[in-house]
Each structure stands twice: as structure tokens, then as C-alpha cells.
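Q: Before I ask anything, let me first share the structure, which is written out below as C-alpha cells.
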Amino acid sequence: MKITRQKHAKKHLGFFRNNFGVREPYQILLDGTFCQAALRGRIQLREQLPRYLMAETQLCTTRCVLKELETLGKDLYGAKLIAQKCQVRNCPHFKNAVSGSECLLSMVEDGNPHHYFLATQDQNLSMKVKKKPGIPLMFIIQNTIVLDKPSPKTIAFVKAVESGQLVSVHEKQSIRQLKEEQGLVKDPEQRRRKKRKKVVNPEKVHLPNDHHFL
Ligand SMILES: [Zn+2]
């Protein structure tokens, strides 16, 4: 049984490596539901994930996932402990946290440039992930970790690239990189900083009859 399971995983991994540039160490983004399932199934993720994927893995999560687990209280205390041991990857929500699922979806946007795997038990999130090509999806079923087969959307995408209808993710990334190098794309961080600067206008602050909206 186990050998078949690993064989399938190996095949799927090969597919994601060849077509989407997924590389070791595999970056696995966990949400609260996955941590909770691992806890229930007494699965030692740190041991079992690398064994199952036959490669080095990095368990990661986001601040929004951690925050959500905190607000859910003591029922998810164990899951929170697991999530806290993961590396925290920067998400764009440092001011206002969003739900874990919304956050993780944002992490794999624009062709999943960081090659994240998404590990969740949330059916709703899984469905949304499957609609985006190129994201390896993991879940736990019957106390066993499973790497899902590539979604139909993913397979359709690869076929379209092969037949020359689409630009592949690799190509897209190098185009973006070129644009960035030439200053054609501003990274969101820069944009945000600029905006903040605009708000502080010393001339207006010192006006005697200053109205907020002037
Ligand atoms: Zn977030």
C-alpha cells in the first residue's frame, strides 16, 4: 500500500517539477485544518512529510493562519502549537489579518511564484486551489498524508502551454523579472511606502485653520 502511495506521489511531484518549476526543499504551506488533522491522526509532519515526498521539505504558514487559530480558542490549541513551529512566510496582510483560507489563496496567486504546496482539509479552499493551475495540493485522509493528483485545470494548462497557446509559468516569471529589472513593475512594498509619504504633508499640518479634508 505504502509503496503505491509513494509511487503516485513521485509521479505527481515529477509532473509539478517539470511543468511548474517546483523544487526542493518543497515549501508546504499549512493551514489550521491540516494542523488539526495531523494532531488528530498523530502524524509527525516533520518526519512524515519528507519521507512521503522523498525530499527535504519546509513547513510554513502565515501570520493570518496563526491569528485565526488564536481566535478560535482552546479547542485548536494543539493545532496552533503545530502551526507555530512552522516558518512564517510574509503575506500582504500585515496590517489587517484576513481569514486563513483567504490568506493562503493570496500566497499562491499569479502563478504561484514561490512554488508553494498547499496543505489543507478545507474543501472550499481546496476547490479554489484546484481552479488555479500548478499548485500541489495536500490533505490528510484516514490518518495518511496524500499529495493530490494534478487538477484538471492544471493538466489543461500544461496541455495549452505544450500546444503553444499559452506562455508557461517559467516564461511568465522571466518576463516579469525583466520588467522589474527595467523598473516597469513596481513591487507592492514600494507603492505602499510612497502612498504613506503622500499622507504626511507638512505644509497642510501647519495651516492655521486646517481642515482634515483640504
Ligand atoms: Zn495573510
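Q: Going by average Cβ density within 10 Å per residue, which order do the peptides 59-70, 171-182 take, highest to lowest? Spell out each step's value before the answer.
A: On the way: 59-70: 22.1, 171-182: 11.8.
The peptides rank, most packed first, as 59-70, 171-182.
Q: Quick one: 3J(HN,Hα) in Hz for the stretch 16-29, Karplus 6.51/-1.76/1.60 with θ = phi - 60°, rounded, Gly and Pro as x.
A: Once rounded to whole Hz, the list reads 5, 5, 5, 9, 10, x, 5, 9, 7, x, 5, 9, 10, 8.
Q: Check which residues have an amide H placed less than 5 Å from T62's amide H, if you skip close sequence neighbours.
A: Residues meeting the criterion, in which the H sits 1.01 Å from N, are R89.
Q: Amide H of E24 versus every other amide H placed in the peptide plane: which residues, excluding those fewer than 5 positions away on the same chain, fall under 5 Å?
A: For E24, whose amide H was placed from the backbone, there are no distant partners under 5 Å.
Q: Report the full-extension gain for the segment E24 to V146: residue separation times 0.36 nm, less the Cα-Cα distance, to one decimal in nm.
A: On the way: separation 122, 0.36 × 122 = 43.92 nm, distance 1.78 nm.
Going from the current span to full extension adds 42.1 nm.
Q: How large is ³J(HN,Hα) for each residue in the stretch 100-110, as worked out from phi by the Karplus curve 6.51 cos²θ - 1.76 cosθ + 1.60 (θ = phi - 60°), to whole Hz, x for Gly and Pro?
A: Listing the rounded values in order: x, 5, 4, 5, 5, 4, 5, 5, 10, 6, 6 Hz.
Q: Along the three principal axes, how long is the stretch 12-51 when you take its alpha carbons, biggest first, rounded to the nearest angstrom?
A: Reported extents, whole Å, longest axis first: 34, 19, 15.
Q: In what sequence, highest mean first, do 126-138, 82-94, 17-29 appear when ranked by Cβ atoms within 10 angstrom? Don't jump to the answer; show the numbers that get you there.
A: Values: 126-138: 20.2, 82-94: 15.8, 17-29: 18.2.
Descending mean neighbour count gives 126-138, 17-29, 82-94.
Q: While we're on this one: List, in the order given, every pair from K132/K159; K85/K130; K11/K149; K128/K153; K132/K172 whose Cα-Cα distance in the structure shown is over 18 Å.
A: K85/K130
Q: Still on this structure: Among rounded, prolate and oblate, which fits the stretch 113-170 when a ≥ b ≥ c are the square roots of the eigenvalues of its C-alpha gyration tensor, a/c under 1.5 means rounded, and a/b larger than b/c means prolate? Display every interim value, and only then the final one.
A: Details: a/c = 2.50, a/b = 2.31, b/c = 1.08.
Note, shape of the stretch 113-170 comes out prolate.
Q: If we restrict to alpha carbons, what Rg and Dmax does the stretch 2-161 come to, in Å?
A: 14.9, 47
Q: Using each residue's phi in the stretch 162-167, evaluate 6.51 cos²θ - 1.76 cosθ + 1.60 at θ = phi - 60° and report the 3J(HN,Hα) Karplus result to the nearest Hz, with x for Gly and Pro.
A: 4, 8, x, 7, 10, 8
Laboratory data are not the source of any read-out in this text; all were calculated from the coordinates shown. These numbers come from a predicted model, not from an experiment. Cβ atoms come from the backbone with ideal geometry, glycine included; neighbour counts cover every protein chain shown.
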